[in-house]
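As structure tokens, the structure follows; a few thoughts come after it.
The values are calculated or read from the model by the stated rules, or taken from the named source; none is laboratory data. Keep in mind that this is a model prediction, so the values were computed, not measured. Note that each Cβ is placed from the backbone with ideal geometry, even for glycine, and that neighbours are counted across all protein chains shown.
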Amino acid sequence: MPTLEWDKAGEKTYETGVDHGVLYPAVSGAYPEGFAWNGLTTVTESPSGAEASPQYADNIKYLNLVSAEEFGGTIEAFTYPDEFEACDGTAELAPGITIGQQARQLFGLSYRTKVGNDTEGQDFAYKIHLVYGALAAPSEKAYATVNDSPEAMALSWEFTTTPVDVPGFKPTATLVIDSRTVDAADLAALEAVLYGSGANKAKLPLPAEVVTLVGGSQARVASFESLSDADTAFSDPEAGDGTSDSTPVQDQSAS
Amino acid sequence: MFRYAIGTVEVFDSDTGTFRKASPNAPIEFEHSLASLSLWESKWEIPFLSSPDLTSEQTLDYIKCMVVTKDIAPDLFDQVTEHDVHAISEYIGKKNSATWFNDPPQTSNNRQKITSELVYGWMVQLTIPFDPCENWNFNRLLTLIKVTNKLNTTDDKKRKMSRSELAQRNRELNAQRRAKTGSQG
């Protein structure tokens, strides 16, 4: 049996930086068109649920009932595309006239996070994050009254999600595609769908289609439960003790 | 502190062909302060800040209360011109501070009249020392009082933006930033 080794060169990885943000407004359960979100700066993933309820009988714990897991988080941006306004409950009555309190449109989101390591630096690899069935609401904010500079103020929304079907697995609201493990040609095919190519518009494929696109390789298409993998050194340090599940990923280039 | 020569008038300078300000008197120092306000209110027994229509006599007397320079000629204020009143009023209206506030729109109809004693009361409450603050520019002192009051307000008592206010703010910031950067979003 091989001996275990720790801290080998090239194996210490970290995850940082958000780029290539794309917004996909939902239309009848599909995400047929994507819009570049240049101003996306931070996506903080906050899975919730999965809380154990221990059951006791005869003074002995005999069962842990685990609640359903939900995926949500916070989106922060410097700017947003016009198409996000419908997702934020705003509609345009006529050019220049907007009205609020409209139904909030569901949307999908894709963004990349950079994976760096100790030998290659920040551009070692990347992960593409796909989010389905997201519903946004503006984050609560108090009036910060003294010398509050609007120039630095981040636009922020909380989002919750509704999971979509995944063949052979429980429904999920997020997929993560890791460039280190997906075949380069398959990844290029997936990116051509996500970001558009030639005459084909950018669109967000549903999980079944993602599996078809990258399924020929050793794809690592993970539902959000695997986001806390040990190799994701960017995981929230508090997640281990159960106090928080947040995984903030910030675009350093935009800050 | 406002340094100004009473009796200033505009005279035509034939050498340069332009108007310039001139006064036969040396400049003296003025300050619009809580001390000057208090002095004036103790004499006239009306709130200075809530009395928009002051008589000429009351206005002139407040200018006298503002004087900081000692030992000035008693007849100096006989020479006060309209230009002087305008220049001093302009100084009284100045913010005199680099601090700004992002307050929510006022919804309550506050009918409280602000008098010098009320301001002294705020200073006691917020432990702001009378000396030297009562001799500061009054608008600057009010800013200090407001800042101290805000800093003493706990987060849970701060007013939250409503959804419509948030949406409005987001729309405005987004439009400004996109126009500035030329980005589509």
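Can you pull out the residues in the stretch B:4-42 that are surrounded by 12 or more Cβ atoms within 10 Å (Cβ to Cβ) and part of a helix (DSSP H, G or I)?
Result: B:Leu34, B:Ala35, B:Ser36, B:Leu37, B:Ser38, B:Leu39, B:Trp40, B:Glu41.
Residues are listed down the side, and each one gets a yes or a no for (1) closer than 27 Å to A:Tyr80 by Cα; (2) more than 17 Å from the chain's Cα centre (by Cα); (3) at pLDDT below 95:
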residue	(1), (2), (3)
A:Glu151	yes, yes, yes
A:Leu155	yes, yes, yes
A:Ala185	no, yes, yes
A:Leu213	no, yes, yes
A:Ser246	yes, no, yes
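Give all pairs with beta carbons closer than 6 Å in which a residue from the stretch A:168-191 that is over 20 Å from A:Gly133 (Cα atoms) meets a residue that is part of a strand (DSSP E or B) and of a type in the set (Gly, Ala, Ser); count only pairs at least 6 apart in sequence or on separate chains.
Filtered contacts from the stretch A:168-191: A:Ser179/A:Ala125; A:Arg180/A:Ala125.
Any idea how many residues of the stretch B:151-185 are basic (Lys, Arg) and in contact (Cβ under 8 Å) with a residue 40 or more places away in the chain?
Quick first cut of the stretch B:151-185, residues basic (Lys, Arg) only: B:157-160, B:163, B:169, B:171, B:177-178, B:180.
Adding the requirement that they be in contact (Cβ under 8 Å) with a residue 40 or more places away in the chain leaves B:159.
Result for the stretch B:151-185: 1.
Would you check which residues across the stretch A:1-33 are in contact (Cβ under 8 Å) with a residue 24 or more places away in the chain, in a loop (DSSP other than H, G, I, E, B) and over 27 Å from A:Ala208 (Cβ atoms) and list them?
A:Ala9, A:Gly10, A:Glu11, A:Lys12 - these are the residues of the stretch A:1-33 that are in contact (Cβ under 8 Å) with a residue 24 or more places away in the chain, in a loop (DSSP other than H, G, I, E, B) and over 27 Å from A:Ala208 (Cβ atoms).
Looking for something at positive phi and either in contact (Cβ under 8 Å) with a residue 60 or more places away in the chain or surrounded by fewer than 17 Cβ atoms within 10 Å (Cβ to Cβ) (or both) - is there at least one such residue anywhere in the stretch B:62-70? Give the derivation first.
Initially, the stretch B:62-70 is screened for residues at positive phi, giving none.
No, the stretch B:62-70 contains no residue that is at positive phi and either in contact (Cβ under 8 Å) with a residue 60 or more places away in the chain or surrounded by fewer than 17 Cβ atoms within 10 Å (Cβ to Cβ) (or both).
Might you let me know whether the stretch A:1-12 holds any residue that is surrounded by 15 or more Cβ atoms within 10 Å (Cβ to Cβ) and out of contact with any His (no Cβ under 8 Å at 6 or more places or on another chain)?
As a first pass, look at the stretch A:1-12 and keep what is surrounded by 15 or more Cβ atoms within 10 Å (Cβ to Cβ): none.
Taking every residue of the stretch A:1-12 in turn, none turns out to be surrounded by 15 or more Cβ atoms within 10 Å (Cβ to Cβ) and out of contact with any His (no Cβ under 8 Å at 6 or more places or on another chain).
Within the stretch A:150-197, which strands (runs of 3 or more DSSP E) (wholly inside it) include 3 or more residues that are not hydrophobic (A, V, I, L, M, F, W, C)?
Those strands (runs of 3 or more DSSP E) span A:155-161, A:169-172.
Scanning for something modelled with pLDDT of 80 or more, assigned to a helix (DSSP H, G or I) and buried (at least 16 other Cβ atoms within 10 Å of the Cβ), does the stretch B:152-162 turn up at least one residue?
no
Pull up the stretch A:177-200, narrow it to residues that are surrounded by fewer than 19 Cβ atoms within 10 Å (Cβ to Cβ) and in contact with a strand residue (DSSP E or B) (Cβ under 6 Å, 6 or more places away or on another chain), then point me to the one that is nearest to A:Thr113 (Cα to Cα).
Result: A:Ser179.
Say we look at the stretch A:57-107 and pick out the residues that are polar (S, T, N, Q) and in a loop (DSSP other than H, G, I, E, B); which of these is farthest from A:Ser46 (Cα to Cα)?
Ranking the candidates gives A:Asn59 first.
Considering only residues that are in a strand (DSSP E or B) and under 17 Å from A:Gly17 (Cα atoms), which ones fall in the stretch A:34-56? Give the derivation first.
Here is the first cut: in the stretch A:34-56, the ones in a strand (DSSP E or B) are A:35-36, A:40-45, A:48-49, A:52-56.
Correct list: A:Ala36, A:Leu40, A:Thr41, A:Thr42, A:Val43, A:Thr44, A:Glu45.
From (1) more than 11 Å from every other protein chain (Cβ to nearest Cβ); (2) surrounded by fewer than 21 Cβ atoms within 10 Å (Cβ to Cβ); (3) free of Cβ contacts under 8 Å to residues at least 60 places away in the same chain; (4) closer than 30 Å to B:Arg159 by Cα, pick out the condition that doesn't hold for A:Ser149.
That leaves (1) as the condition not met.
Rundown of residues vs (1) modelled with pLDDT of 85 or more; (2) in a helix (DSSP H, G or I); (3) surrounded by 10 or more Cβ atoms within 10 Å (Cβ to Cβ), yes/no style:
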residue: B:Asp84; (1), (2), (3): yes, yes, yes
residue: B:Ala87; (1), (2), (3): yes, yes, yes
residue: B:Ile92; (1), (2), (3): yes, yes, yes
residue: B:Ala98; (1), (2), (3): yes, no, no
residue: B:Asp103; (1), (2), (3): no, no, yes
residue: B:Asn109; (1), (2), (3): no, no, no
residue: B:Gln112; (1), (2), (3): no, no, no
residue: B:Glu117; (1), (2), (3): yes, yes, yes
residue: B:Trp122; (1), (2), (3): yes, yes, yes
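Hey, among B:Thr143, B:Thr99, which residue is within 14 Å of chain A (Cβ to nearest Cβ), touching a residue at least 12 places away in the same chain (Cβ under 8 Å) and in contact with a helix residue (DSSP H, G or I) (Cβ under 6 Å, 6 or more places away or on another chain)?
B:Thr99
Just to be sure, is A:Thr113 more than 9 Å from chain B (Cβ to nearest Cβ), out of contact with any Pro (no Cβ under 6 Å at 6 or more places or on another chain) and surrounded by 20 or more Cβ atoms within 10 Å (Cβ to Cβ)? Spell out the reasoning first.
On the way: more than 9 Å from chain B (Cβ to nearest Cβ): yes; out of contact with any Pro (no Cβ under 6 Å at 6 or more places or on another chain): yes; surrounded by 20 or more Cβ atoms within 10 Å (Cβ to Cβ): yes.
Yes: the conditions hold for A:Thr113.
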